1. Inside the stretch 396-417, can you point out the residues that are in contact with a strand residue (DSSP E or B) (Cβ under 6 Å, 6 or more places away or on another chain), within 15 Å of GLY632 (Cα to Cα) and open to solvent by less than 30 Å² (accessible area, probe 1.4 Å)?
2. Which residue pairs have Cβ atoms under 8 Å apart, sit 6 or more places apart or on different chains, and have a first residue in the stretch 482-504 that is surrounded by fewer than 17 Cβ atoms within 10 Å (Cβ to Cβ) and a second that is charged (D, E, K, R)?
3. Can you find a residue that is under 30 Å from PRO660 (Cβ atoms) and in a helix (DSSP H, G or I) anywhere in the stretch 136-158?
4. From the list VAL98, VAL60, VAL50, VAL31, pick out the single residue that is over 23 Å from SER345 (Cα atoms), in contact (Cβ under 8 Å) with a residue 40 or more places away in the chain and not in a loop (DSSP other than H, G, I, E, B).
5. So, of the residues in the stretch 562-614 that are without any contact (Cβ under 8 Å) to a residue 12 or more places away in the chain and closer than 25 Å to TYR382 by Cα, which turns out to be least open to solvent (accessible area, probe 1.4 Å)?
6. Looking only at the stretch 335-379, which residues are surrounded by fewer than 24 Cβ atoms within 10 Å (Cβ to Cβ) and of a type in the set (S, T, N, Q)?
7. Scan ASP43, ASP78 and give me the residue that is farther than 27 Å from MET349 by Cα and within 27 Å of the chain's Cα centre (by Cα).
8. Given the criteria over 28 Å from SER285 (Cβ atoms) and either open to solvent by 10 Å² or more (accessible area, probe 1.4 Å) or of a type in the set (D, E, K, R) (or both), does ASP438 qualify?
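The values are calculated or read from the model by the stated rules, or taken from the named source; none is laboratory data. Predicted model, so just to flag it, every value in this text is computed and none were measured. Using ideal geometry, Cβ is built from the backbone for each residue, glycine included, and neighbour counts are taken over all protein chains shown. Accessible surface areas use protein heavy atoms only, side chains included; no ligands, DNA or RNA. Shrake-Rupley method; radii C 1.70, N 1.55, O 1.52, S 1.80 Å.
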Amino acid sequence: MTITEPGTLLTPAPDRADWNTTRMGRFLEDVETRYGVRFATYDDAWAWSVENLEDFWGQVWDHFQVISHAPYTAVLEDRTMPGAKWFPGARLNYAEHVLRMLRDRAGDVMVTSRSQTNGSVEWTGARLEEEIARIQAGLIARGVGVGDRVAGYLPNIPETLAAYLATTGLGAIWCAVPPEMGPQSVLDRLTQLEPKVLIAIDGYVYGKRELSRADDLARIRQFLPGTQTVLLPYLDPQARAPEGAETWAEFTGRAGLEPGFDAAAVPAVHIEPVPFDHPLTVLFSSGTTGKPKAIVHCHGGILLEHLKAHGLHFGMSEADNAFWFSTTGWMVWTMGVSSLLLGASVVLMDGDPNWPAADGEWSQWAVMAETGSTYMGTGSAYLAACAHAGMRPNQKWDLSRLREIQCSGSPLAADVAGWVLDAVNPDLLLAPTSGGTDICAAFVGGSPLTPVWAGEMSCRPLGVAVASWDPEGRELHGEAGELVCTQPMPSMPVFFWGDEGNEGYRDSYFGAYPGVWRHGDWLVQTQRGSWVITGRSDATLNRGGVRLGTAEFYAVLDALPQVNDTMVLHFEDAGGMGQLVLLVDAADEVSGAEAEAALENTIRTTLRTELSPRHVPDHVVFVPSIPRNPTGKRLEIPLKRIIQGAVRGQVMDLGVVARPEQIDATVARVQEVIGQP
C-alpha cells in the first residue's frame, strides 16, 4: 500500500462554473435566485444555511416536494435545544414518500438481496408495495395502531425493509435488533418498549455456520408476555411457529394460497398522516457503557434530513443502485432505506463478507460488482482491512459503475483513503463521514462541491451548525476541541423512551454547554477548512497534563503491515504520568517471542518518530483481538473499566461486541502487565 500523507489533496473541488452539473449545485443556485445571495464557495453556502435555518429548511421542503396533508404554520417555531419545534401544523408520513417512488418505478427491480441463508432475491417496486400492504393488514388485524411499537428480530433482508415501511406507514413505531444479538442484549432493548408485535426469524447462515435462534427466541418471548410473535422462516423454509406464535404466511394472509395467486386481492397500503415530530423509529445506543438508550427519531426529522443528505450531499437519483452494508440495528441501515426516497434502488446483503475469504465471492466488492452498484455505504474499518491485506478490488472486479463511497464508524486513515482511489476507482467521490445514532445523520462529511483530502472530512453538511469548542465555549481552529452543534437539526431525537422529564436526554448532550449539543468527540478544523475527528473526548489520554487523542495513534499504527488492530489505554495515577498501554492484535506471521519483540521495537520507533516520545507506550501487550462493536468502533472505555475491576455486563454489552469470547484473555493479559486484579 502506497504511503499517503495526511492532508494530501486526492480530489479537487469542481470549478464554480460547474456547480450546475450536480443537484446540490442546482439547489444552491435556486437559493441564490430566490434570496438574492451569491455563494463563491461551498463554505459560503454552508454559512448561509446555518445563519438562515428557516429559509434553508423551507427550501429543502419545497425542493423535494414534501407531501403534507396539512400546512405548517412555521418552519422553526422555537430554536431552544432541547425541544426545538419544527414545522408545527404539518401532517405527513415518511413511508408515503418511499411509496411515491415505488409507484413511479413499479416494474423496476428496487430491492436486490444477496443472502448466505436464502440466496438471491429481487423485488420490483410493485412487489415491495404488495409486501408492505400484506404486513399492514396483518398488523391492523392484530390491533396495531398509531403509537404502538413493532419490533423486528431480523437480518438485512427485503421482508425487514417492508416491515419497517408497513409499520411506520400506520403511524406505529418501528425498532429492530439484529439476530446476531443474544437474548439478554435483545431484552435490554425491547423490554423498554413493550412492543405489541415481534417479528423474528428462526435462524440464519453466517459464512459456513448455521445459527439457530429458536432457543433465544423462546427466552425473549418469556420476558415479553404481552407481545404477539410472528415467525419468518429463514434458516429453514419449513420452520414451524412455536406455540402461541404464528407463521409469516398466516400473518401476511398467504397461508393456503396457491402459487400465482391474484395480487388484485391484496389490500391497499394505508398511510396515516402524523405530526412532524411523531415517533418513526427507535434506534438504540451501543450499550457499551451501560443500558442502551432508546433514542426516538421522528417522521419529519428523518424524512427532511435524509432528503437533504441523499439528494444533495450524495447526489442520489433513480440512476443509482445503492449498496449499504449494515446490520438492522445500526443507524446506517435506516440511512440506506432512505435511498428509496430519491428513487434509487437498494442492494441488501446478509452474511459474512470475509467468507470464504476476504476477496471471495461474498466480499462486499464482489456483491457490488455482481449487482452493478453505484453507491457504497460501508465501515471505515472494512476499507482499512482490505487495504492492509493488499487487496486490489479493481483488478478482480468491474467496479466502474461505483461513483461514491461513504464510510463511517471510525476515522479513515490517510493511507487507506489513498488506497481507495488507487485500488478501487480513481474517479469516485470518497466521503468519510462522522455522525451518530443520536441524529441518524452526519455532523461532518463530504459533498460534490468540496475537495477530498486524505485522512480528513471535507465539510460540515448544509444546515448543520457544527464547531469545535474549548471548555469555555470559545471556537477553536487547528487544535482539538469538543464537537458541538450550536443550532437545532430536524433529526435530533424527540426524546429517549422512558426518560422521565427528559433528564437523560439533557444530561447526554446538553450538560457541558447549556442549550448547545455536545457530542463527545474531539474535533479539529484544519487550516484547509477540512475536519478531523481525533477520538472520543471521554476517551482522551491525559499524559502528564498533555491531551493525546487516540485517533492520532491509530492513524500511524493502522499503516503498519504486521499489525491487524490496536487499542491504546491510559491508566491514571495520582498526578503522575500514569501507565500508557498499547494493545496489539498482530498479523499471523508474527509468531513467537522474538517476532513480537521485533514488532514492538518497530511500533515504539514509529510512534516516537512519527508522533513524539510522549506517545511511546509504557507497555505493549499482544492480545488475541481488539474489542469493537458492529460499526467498527473500538471499545476503549468499557474495556478499561473491566480491566479496572468493573463487572462486564454492567459496562459492556457483549451482545454488540465482535469476538466476545476473547475479552477475558485480553483483560487478563493487560491486568498482568499493569498490576491490577
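1. GLN406, CYS407, GLY409, LEU412, listed by residue number.
2. Short answer, once both residue conditions are applied: GLY504/LYS293.
3. Our first condition is that a residue be under 30 Å from PRO660 (Cβ atoms); within the stretch 136-158, this holds for 149-158.
Subsequent filtering for residues that are in a helix (DSSP H, G or I) retains 158.
Scanning the stretch 136-158 turns up at least one residue that is under 30 Å from PRO660 (Cβ atoms) and in a helix (DSSP H, G or I).
4. Values: VAL98 fails: over 23 Å from SER345 (Cα atoms); VAL60 fails: over 23 Å from SER345 (Cα atoms); VAL31 fails: in contact (Cβ under 8 Å) with a residue 40 or more places away in the chain.
One residue alone meets the criteria, VAL50.
5. First pass over the stretch 562-614, keeping only residues without any contact (Cβ under 8 Å) to a residue 12 or more places away in the chain: 573-575, 588, 591-595, 597-598, 601, 605, 608-609, 612-613.
Those still in the list that are closer than 25 Å to TYR382 by Cα too: 588, 591.
Working: ASP588: 145, SER591: 90 Å².
So the residue we want is SER591.
6. Passing the criteria: ASN354, SER363, GLN364, THR371, THR374, THR378.
7. Numbers: ASP78 fails: within 27 Å of the chain's Cα centre (by Cα).
None of the other options fit; the residue is ASP43.
8. Working: over 28 Å from SER285 (Cβ atoms): no; either open to solvent by 10 Å² or more (accessible area, probe 1.4 Å) or of a type in the set (D, E, K, R) (or both): yes.
In short, no.
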